[in-house]
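Chemist: The structure under discussion is supplied below as C-alpha cells; questions concerning it will follow.
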Amino acid sequence: MPIPFFGALFGSTAAMSDKFPVQKTEGEWQAQLSPEQFRILRKKGTEPPGSGTYDKHYPSSGVYTCTGCNAPLYKANHKFDSGCGWPAFWDAVPGAVGQRDDSTFGMKRTEIVCNSCGGHLGHIFKGEGFKNPKDERHCVNSVSINFSPEENK
C-alpha cells in the first residue's frame, strides 16, 4: 500500500483543468516560482511537516496571500495552532479559496486552491473537534502563502 504523505511530498503531475482569472502557461509559472513553489502550487505537492516558515507564525493582524498571484487568502486572526505541522486556519477570506474532492493516494480529502490562480494550497478537514467557530482546519503549505502585516491587501 502506498504511503500517502510520501506521494503527496513529491506532488502530482495532474493538470488543473479549471479556468481561473489569473492564467499562465506552465513555463510562465516555472519562470515566476521557485522549484519548490512550482512543485507545491502547480503540481499539488506538500512540504514536510514542521518545515514551513508560517507553521509557528502567529501575528495578531495581517493577511496571508497566495504566493502565485498575491490574492488575499487568510486573515491572521483566523490562524490557530492545530499541532499538525502546517499553518492552520479556521476560515478563509470570503470567496478566496475553492474546494474540490481529492481521492489521490487512496484517501478521501478535500483540496483547497486559490480561486484567483488555481494554486494548490493544501487540504481542508472538518469536524475534528477544534474549538473554533467552524470546526474546520485549512491545512496550508507555507510555500503557498506570503504574509503581509497590512490588513487591506
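Chemist: State all residues of segment 59-89 that are in a loop (DSSP other than H, G, I, E, B), touching a residue at least 24 places away in the same chain (Cβ under 8 Å) and hydroxyl-bearing (Ser, Thr, Tyr); if no residue qualifies, say none.
Modeler: Of everything in segment 59-89, those that are in a loop (DSSP other than H, G, I, E, B), touching a residue at least 24 places away in the same chain (Cβ under 8 Å) and hydroxyl-bearing (Ser, Thr, Tyr) turn out to be 61, 67, 82.
Chemist: For segment 126-153, how many residues meet the condition of being part of a strand (DSSP E or B), at pLDDT 95 or above and of a type outside the set (Ser, Thr, Tyr)?
Modeler: Summing the residues that are part of a strand (DSSP E or B), at pLDDT 95 or above and of a type outside the set (Ser, Thr, Tyr) in segment 126-153 gives 7.
Chemist: Can you confirm whether segment 28-50 contains a residue that is touching a Lys or Arg at 6+ places or on another chain (Cβ under 9 Å), surrounded by 19 or more Cβ atoms within 10 Å (Cβ to Cβ) and free of Cβ contacts under 8 Å to residues at least 60 places away in the same chain?
Modeler: For segment 28-50, residues touching a Lys or Arg at 6+ places or on another chain (Cβ under 9 Å), surrounded by 19 or more Cβ atoms within 10 Å (Cβ to Cβ) and free of Cβ contacts under 8 Å to residues at least 60 places away in the same chain: present.
Chemist: Consider segment 94-111. How many of its residues are in contact with a helix residue (DSSP H, G or I) (Cβ under 9 Å, 6 or more places away or on another chain) and either aromatic (Phe, Trp, Tyr) or surrounded by 20 or more Cβ atoms within 10 Å (Cβ to Cβ) (or both)?
Modeler: The number of residues fulfilling the criteria is 1.
Chemist: Please state which of the following conditions residue 26 fails to meet, knowing it meets all the rest: (1) within 25 Å of residue 104 (Cα to Cα); (2) touching a strand residue (DSSP E or B) at 6+ places or on another chain (Cβ under 9 Å); (3) modelled with pLDDT of 95 or more; (4) not hydrophobic (A, V, I, L, M, F, W, C).
Modeler: (2)
Chemist: Another question, if that's okay. When you go through 36, 47 one by one, which is the residue that is modelled with pLDDT of 95 or more, assigned to a loop (DSSP other than H, G, I, E, B) and among the acidic types (Asp, Glu)?
Modeler: 47
The values are calculated or read from the model by the stated rules, or taken from the named source; none is laboratory data. This structure is a prediction, so every number in the text was calculated from the model and none was measured. Glycine gets a Cβ as well: all are built from the backbone with ideal geometry, and neighbour counts include every protein chain shown.
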